[in-house]
Every structure is written in structure tokens, then in C-alpha cells.
Amino acid sequence: MIPGPFDYQVASSVAEAIALLDQHGADAKVLAGGHSLIPLLRFRLASPAVLVDINRLRDLEYMQEADGTLHIGALTREVDLEASDLIRRRYPILADTARVIADPVVRNWATIGGNLAHADPANDHPATMLALGAQLVATGPTGQRLIPIEQFFTDSSFETTLQPNELLTEIRIPAPAERSGGAYLKLERKVGDYAIAGVAAYVVLDGAGHVTYAGIGLTNVGPTPIKARAAEQLLRGSTLDDAVIAQAARQAAAEAQPVSDLRGPADYKRAMVETLTMRALRQARSRATGGA
Amino acid sequence: MSIHHIRVTINGKLYEGDVEARTLLVHWLRDSLRLTGTHIGCDTSSCGACTILVDGKAVKSCTMLAVQADGRELLTVEGLEQNGKLHPLQEGFHVEHALQCGYCTPGMMMAALALLKRNPDPSEQEIREGISGNLCRCTGYVNIVKAIQYAAQKLREPQPEQVPAGSGGGGE
Ligand SMILES: Cc1cc2nc3c(=O)[nH]c(=O)nc-3n(C[C@H](O)[C@H](O)[C@H](O)COP(=O)(O)OP(=O)(O)OC[C@H]3O[C@@H](n4cnc5c(N)ncnc54)[C@H](O)[C@@H]3O)c2cc1C
Ligand code: FES
Ligand code: FES
């Protein structure tokens, strides 16, 4: 189908993009990779009056570590995350995530910023960012503000706390501590599909092997991306043995809010959250202790 | 609704035109330029029949606006053949019998071309991953994989004539 009518403006700088958003307010939408937005326009599920194309903002495409933080430009394409040596080596959970998103042709254009800003509970990056405790940089007419990821999504699907005149410009992830590791596991019906269920797990251990940080995020088992707080709580202070992992996995399944749909019945999805959480935590433990 | 004058290099030739902002790139190619080798197989960005290269990167041209192509270099299936000689991918699809109805074939070849530019010697698994955004309802993929292997080998051999410059290679 053909999208309804809209005006199109191409931004040649971040400042220009923000000025355009400020001018048009809620009538405008940012066009990044377009691989969620253009399908919505085609189905006429979205009908913005103005599209602000940010694809020419090459200065929003980067990945670099500085001051104990990984900085990722919002316009970084999935293909570049997936191929990055830095990401594969230091942030395998991010490489796990990027490579299971859609298919390679989609990943050429799809951006990490769009994946988060779209706030689709079926998207894969939100769970990983919830597990990692990421911070997002929103840039607006009066400057930048930092939004912790758990305050970025609201209680409604497809909604964030970004203001209409703000651009998501950067994602910040704490650099890995010495004994830390994470993994993202996704169960899909067929290659390139959204998750039946997905689980991101990230842990940091102290010298004695006790958990000092635990993050668990769930994909596509509720109206929003879910942070499994009670499961995280169970892990904190533990030695991350198999028994506590099994207990946390049961808890994460209890925190999921799946509904029955074409991808399967709710009970099945809940059971899959338990299994995936168990596997993701074991892999996170293995990576935290020097394994693959 | 804004109308935009765009200038786009396609298969080495410059095309210009006025497009509505909402015009999808695939519709401009097919309906305005009559480059109908690029197909449309779905409404959901899933099938890959519309795959072309934009600045060397494969894209589903049903999920990009024509106006976004302004100033860029495109390669469509019509640009594969050079001086009456089939591209090794086209030859491979022919020799290995990699099509039945042929609907998926243009997109399949363009996705394969993008893969081979990045990875000239892919394993079978890498080929299957590389074309996983392209659906074929007929062949079962076995011969498509063979055709891409055929092309990969042929492209790795020293060539008397090079694949044309400006064929969208080399990235942005
Ligand atoms: C066939 C297919 C399969 C897919 N499968 C998966 C999958 O398995 N997993 C998955 O996670 N995703 C999947 N996707 C979605 C894909 O990853 C999208 O690209 C992604 O959700 C949105 O990123 P984008 O850059 O394309 O953003 P766009 O589509 O351009 O934008 C999406 C939304 O975010 C807003 N936005 C974008 N960037 C910014 C910014 N910097 N600041 C403020 N707002 C912004 C836009 O205004 C829009 O509302 C699939 C898509 C397709 C077509
Ligand atoms: S027509 Fe199906 S992906 Fe473009
Ligand atoms: S040959 Fe018919 S769809 Fe592939």
C-alpha cells in the first residue's frame, strides 16, 4: 500500500533536525532506518504531517569507548554493530542481539536508536538495554538530558518519554567490569521473525564470585519491554549457582505477561521465558568467568 | 504534501524526476522509470523481491522513499548484464536452475551480490544467512545456494573484463 500524504524534510545537522521537530511538534516524526516507520505508514497506522529524515547525519553513526562507557550513536546501523570487533569482543550480548534482528538486508538500514525509540515490545534491543542498565541521551532545543533506560519506556506499547522535540542521539552502556558477562537469547518461529520470546541477562561478579549486579530484560512477552526486577533481586548477592539460576528463571517467567497469539499460547511463552532465562544466565556466568 | 526534484544514478545512468514525498522507491523505479525488473511481493517488508543496492548496500526498495535516494547510486537487476554478457550471478542462476517462477530472482540476485561484495568466499551457511531476507516459494533454496556458489567461484577467478565500476560497489 501507499502511505498517506506527508511533507518530507531532510536534516543536515542534529541542530536542524531538532529545530524542525520543535517547529512541527507532535505532527512530525523522525525517519531513521525507516524499517518500522515506513511499514506503519504503508498500513496507514501512522499519519504524521511531516517526516524529518536523519539518515544524512553521519555524525550520529559511531561506537566508541571513553571514560568507562560505551557510546553508540543513535543512527548506528545493526549491520555495523554486528560486524564491530569492539562489540563482539567486549559486548557480546550486543552482538547476540544485533545479529538476530530481522534479516541482513533489513539490518543494513535499521538503526539502534530507531529500535529503541519505536518502543515495540517485540523489538530486541530494549530487553538488552534493560539488562545492561543503559542510559539514553535525548537532545532537544535546550540541550541534552540523560534518561535511564528503565524510565524510557512507559506503561503503553510504542510509547517513550522522549518529548516530540527531542532526538535520541546516543546510547550509553557501562564498560564491562572485570568479571561481568551477558547474553541475549531469542526464540523465533522462522529466520527474520520477531521473537516468540527473548531474554537478555547481564551479571557482574565480585572477586569472591558474588553477584553485585544483575539485569534481566524480556522481549515480546507483554505490552512493553519488561525488566524482571524480582528475578534480578533473587540473583543479587548470590553465587550464581545452578539452583539460584533456576529460581530466578522461574521468577522471570512469573514476571512475564504473555498473551496467546499466532506465535503461540501464553503458557508456552511463559515456559520459554523460564528456559531462555536459565540458558542466558548460564551463558552470562560463563562469559563473566572467562568462557565464551 | 511536498514534491521533490530528485537526481539518482541508476545502473550508471542519471535519472531525474519529481516525486511526491510518499512515493516508495520501488514504485518510482517500476511505475515512473519502467525499470520493472525489481519486483514487489508483499506489503510487509518481508519478501525481499524488491531488493536493490543503494550506495553498495542492499535495501528492500519498498521500505525506502524515492526522495531518500536523491543523490545516491543505485544498482538494480537491469544493471547486472554488461554489453550483452550475463553477470556471473545471472549465469549461475541459469546453469544451476535456481529459479522456477522467477518472481524472487531479481531480489535474490541483488542480495547475493551484496553478500559476495562483503564476503567473496562464503560458506553455505553464510550464503543461507545472506539471503534469509529473501523468500522463494518455489525452489526450496538448494539450487539458489548452488547458483551463488557458482558466481562466487567465477567472481574470484581473475577476470578479463572487470565488473563495471559504478555498479554500486565500495560502500558509501
Ligand atoms: C521484515 C522485518 C523484520 C523485523 N524484525 C525485527 C526483529 O526481529 N527484531 C527487532 O528488534 N526489530 C525487527 N524489525 C524492526 C527493525 O529493527 C526496525 O528497523 C527498528 O524497529 C526501527 O529502527 P529504524 O531505524 O528502522 O527506525 P524508523 O522506522 O525510522 O523509526 C521507528 C520509530 O522511532 C522513531 N525514531 C527513530 N529514530 C529516532 C531518534 N534517533 N530519535 C527519536 N525518535 C526516533 C521514529 O520517529 C519512529 O517513530 C523488523 C523490521 C522488518 C521490516
Ligand atoms: S516487496 Fe516484499 S520486501 Fe519489498
Ligand atoms: S522461483 Fe518462484 S519464488 Fe523463487
Just to be sure, is A:HIS24 farther than 28 Å from A:LEU281 by Cα and open to solvent by 20 Å² or more (accessible area, probe 1.4 Å)? yes
Options B:GLY84, B:GLY41: the member that is over 26 Å from B:CYS136 (Cβ atoms), small (Gly, Ala, Ser) and open to solvent by 20 Å² or more (accessible area, probe 1.4 Å): B:GLY84
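Evaluate the following for A:ARG279: is it open to solvent by 70 Å² or more (accessible area, probe 1.4 Å) and either in the same structural domain as A:MET129 (by TED's automatic domain parsing) or touching a residue at least 60 places away in the same chain (Cβ under 8 Å) (or both)? Give the steps one after another, and end with the answer.
On the way: open to solvent by 70 Å² or more (accessible area, probe 1.4 Å): yes; either in the same structural domain as A:MET129 (by TED's automatic domain parsing) or touching a residue at least 60 places away in the same chain (Cβ under 8 Å) (or both): yes.
Yes, satisfied.
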Extreme residue, surrounded by the fewest Cβ atoms within 10 Å (Cβ to Cβ), among residues of region B:8-27 that are over 16 Å from B:ALA49 (Cβ atoms) and within 14 Å of chain A (Cβ to nearest Cβ): B:ASP18
In this structure, does B:ILE52 turn out to be within 14 Å of another protein chain (Cβ to nearest Cβ) and either modelled with pLDDT under 95 or open to solvent by 20 Å² or more (accessible area, probe 1.4 Å) (or both)? no
Pull out all pairs, ordered by first then second residue, where Cβ-Cβ is under 8 Å, the residues are six or more apart or on different chains, the first lies in region B:130-157 and is within 14 Å of another protein chain (Cβ to nearest Cβ) and in a loop (DSSP other than H, G, I, E, B), and the second is more than 16 Å from ligand 2 (Cβ to nearest atom) and open to solvent by 50 Å² or more (accessible area, probe 1.4 Å). B:ILE131/B:TYR141; B:TYR141/B:ARG128
Got at least one residue in region B:110-122 being modelled with pLDDT of 95 or more, outside the structural domain of B:CYS50 (by the TED database), surrounded by fewer than 20 Cβ atoms within 10 Å (Cβ to Cβ) and within 16 Å of ligand 1 (Cβ to nearest atom)? no
Mind checking which pairs have a first residue in region B:66-89 that is hydroxyl-bearing (Ser, Thr, Tyr) and a second that is surrounded by 15 or more Cβ atoms within 10 Å (Cβ to Cβ), Cβ under 7 Å, 6 or more apart or different chains? B:THR76/B:ILE10; B:THR76/B:ASN11; B:THR76/B:LEU29; B:THR76/B:LEU35; B:THR76/B:GLY37; B:THR76/B:THR38; B:THR76/B:ILE52
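Could you tell me whether A:ASP124 is at pLDDT 95 or above, surrounded by fewer than 23 Cβ atoms within 10 Å (Cβ to Cβ) and away from ligand 2 (no atom under 16 Å from the Cβ)? Give the derivation first.
Values: at pLDDT 95 or above: yes; surrounded by fewer than 23 Cβ atoms within 10 Å (Cβ to Cβ): no; away from ligand 2 (no atom under 16 Å from the Cβ): yes.
No, not satisfied.
For region A:92-187, list the helices (runs of 4 or more DSSP H) that sit wholly inside it and hold at least 1 residues that are closer than 30 Å to A:ALA208 by Cα, outside the structural domain of A:LEU45 (by TED's automatic domain parsing) and under 14 Å from the mean Cα position of the chain (by Cα); which are they? Explain how you work it out, then say what you get.
On the way: elements: A:92-99, A:104-107, A:112-117, A:125-132.
Those helices (runs of 4 or more DSSP H) span A:92-99, A:125-132.
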Pairs only if they're at least six apart or on different chains, beta carbon under 7 angstrom, first in region A:243-267 and in contact (Cβ under 8 Å) with a residue 60 or more places away in the chain, second open to solvent by 70 Å² or more (accessible area, probe 1.4 Å) and not β-branched (Val, Ile, Thr); list them, first residue then second. A:PRO258/A:ARG270; A:ARG263/A:ARG189
Could you tell me whether B:CYS47 is touching a residue at least 60 places away in the same chain (Cβ under 8 Å), within 16 Å of ligand 3 (Cβ to nearest atom), within 14 Å of another protein chain (Cβ to nearest Cβ) and more than 17 Å from A:ARG42 (Cβ to Cβ)? no
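Could you please find all residues in region B:131-151 being within 16 Å of ligand 3 (Cβ to nearest atom) and open to solvent by 10 Å² or more (accessible area, probe 1.4 Å)? Break it down into steps so the answer makes sense when it comes.
Residues of region B:131-151 that are within 16 Å of ligand 3 (Cβ to nearest atom), as a first pass: B:131-148.
Hits for region B:131-151 are B:SER132, B:LEU135, B:CYS136, B:ARG137, B:CYS138, B:THR139, B:GLY140, B:TYR141, B:VAL142, B:ASN143, B:LYS146.
The values are calculated or read from the model by the stated rules, or taken from the named source; none is laboratory data. Remember, it's a predicted structure, so these values are computed and weren't measured experimentally. Positions of Cβ are generated from backbone atoms using ideal geometry, with glycine treated the same way; all protein chains shown enter the neighbour counts. Quick note on the areas: whole protein, heavy atoms, side chains included, nothing else; ligands and nucleic acids left out. Shrake-Rupley method; radii C 1.70, N 1.55, O 1.52, S 1.80 Å.
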